[in-house]
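The block underneath contains the structure these notes are about, expressed in structure tokens.
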Amino acid sequence: MKKGLFPTNKFINLTTPFYYYDTVLLKATLESLKQETSKHNIEAHYAVKANANDRILNIIAKEGFGADCVSGNEIKAALNAGFPASKIVFAGVGKDDWEINYALENNIFCFNCESIPEIEIINELAHKQQKIASIALRINPNVKADTHHYITTGVAENKFGINLSDLEKVIDVVKKQANIKLIGLHFHIGSQILEMNNFKSLCTRINEIQQWMLDQKIVIKNINVGGGLGINYQQPNENPIPNFKDYINVITQHLTLQPHQQLHIEPGRSIVAQCGSLIAKVLYIKEGTHTKFAILNAGMTELIRPALYQAYHLIENITSEEEMEKYDIVGPICESSDVFAKGMEINRAKRGDLVALRSAGAYGEVMASRYNLRPYPTVYLTEDFQ
Ligand code: LLP
């Protein structure tokens, strides 16, 4: 076990649970992504929903990335962190009027639109502000992603996007809106995708749509293929940085861009997941009938992914080097689903040990709740211990 990853001796006196972000790893990850995107002149918009911590956002903004936001407050957080408005895209199936107005006031790059009524409202609000809103149509490409059904988004049954069969109708509506300019097509097929063929299928579908657009003589400046690249939850130590190279290669090899088209991506998880861990304390070891429970002072309120998606997070006892033992590792919340892992092997645990729930930098802190009136977890970055 690589205990060297954590400044464990500095953790000992801190109040738990807390999130720890390894910003050295974050910066190396950003560097790796930048290397691949710059080779192909791709604009990456970090999906703020994955981790909206202000200091994390700041680090990502400094590297020159854009932001993909899904609420007015995410736009606010992105602007505060230093993302330029000209690189902010605003997605979401239910944008409220104040959020649209706020985005218009700040002259964001593009609204990713999902329905006719939404486009009409954006047009109306843009007219009131005497502005032209740039929009992309989020198209539901009906491409399957091999991931958990709660986080697939691009098949016909999902609420997301405009169905292909409605595209012509939507474009007719767009043409009639004086304060709307169509600048792009947007896609997103799901999250935690490790099967590169899924992205290939998406590209093939986009090529077909582009051909149809060409036949209609509709010029589209931007193609946004969304996010979704997965990470290795099983082996975070061996795979700290996702394989951006294969991901970008599959897209650039299979997507046929028209001359002067700009390609955009919206990675979230792949940038921040591996740099984050939830650090918790073992409260009790309880002997069950069939199993031993390690009861932590963190639960689904701090990290909901295992309870919500049956997601796997590797757990390490970072203060013990004793023999490995199997535990059901659970939280203190009054819900039977408040279980992090069943039969997970960790170094023999006792009251007071610290455990790290790994790969928790994405959709961890942001999804924390105050259920049972628990406080939000505190946060430390590498630089807090230097
Ligand atoms: N773009 C759009 C339009 C999205 O809906 C999402 C994520 C992303 C980009 C970023 O996707 P990523 O690169 O992070 O896969 N809470 C779930 C994940 C929900 C993802 C929602 N959309 C989880 O914990 O697994």
In the chain, helical segments from DSSP H whose Cα atoms cover 20 Å or more along their own axis and that average at least -1.0 on the Kyte-Doolittle scale are 23-39, 196-215
Expressed in whole Å with the largest first, what are the equivalent ellipsoid semi-axes of the stretch 188-327 derived from the C-alpha gyration tensor as the square root of 5 times each eigenvalue?
44, 14, 12
Counting DSSP beta bridges with both ends in the chain, the antiparallel % (nearest 5):
40 percent
Sequence neighbours fewer than 8 away in the same chain don't count; with that in mind, list the lysines whose C-alpha is under 19 Å from LYS34.
LYS62, LYS87, LYS245
Largest first, how would LYS181, LYS131 line up by accessible area (1.4 Å probe)?
LYS181, LYS131
With charges set only on the Cβ (+1 for Lys and Arg, -1 for Asp and Glu), what does the dipole of the chain come to about its Cα centre, in debye to the nearest 20?
320 debye
For GLY92, what is the net charge nearby, where nearby means another residue's Cβ is under 12 Å from its Cβ and Lys, Arg count +1, Asp, Glu -1?
-2
Could you sort the peptides 160-173, 218-231 by per-residue average Cβ neighbour count (10 Å cutoff), highest mean leading?
218-231, 160-173
Cβ crowding within 10 Å averaged over residues, with 183-194, 333-344, 76-87 ranked highest first:
183-194, 76-87, 333-344
Limiting things to C-alpha atoms, what are the Rg and the maximum Cα-Cα separation (Dmax) for the chain, in angstroms?
22.2, 70
Given a 1.4 Å probe and heavy atoms of the protein chains only, how would you sort HIS290, HIS254, largest accessible area at the top?
HIS290, HIS254
Under the rule of -39500 (n - 2.57) per DSSP H run of 4 or more residues, summed and divided by the residues of the chain, what mean residue ellipticity at 222 nm is obtained, to the nearest 500 deg cm²/dmol?
-8500 deg cm²/dmol
Of LYS27/LYS144; LYS144/LYS221; LYS49/LYS95; LYS10/LYS342; LYS49/LYS281, those spanning more than 21 Å from alpha-carbon to alpha-carbon
LYS27/LYS144; LYS144/LYS221; LYS10/LYS342; LYS49/LYS281
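The values are calculated or read from the model by the stated rules, or taken from the named source; none is laboratory data. For clarity, every value in this text was computed on a predicted model and none was experimentally measured. Here Cβ is always computed from backbone atoms with ideal geometry, including for glycine, and neighbour counts include all displayed protein chains. Ligands, DNA and RNA are excluded from the accessible area calculation, which covers all protein heavy atoms including side chains. Shrake-Rupley method; radii C 1.70, N 1.55, O 1.52, S 1.80 Å.
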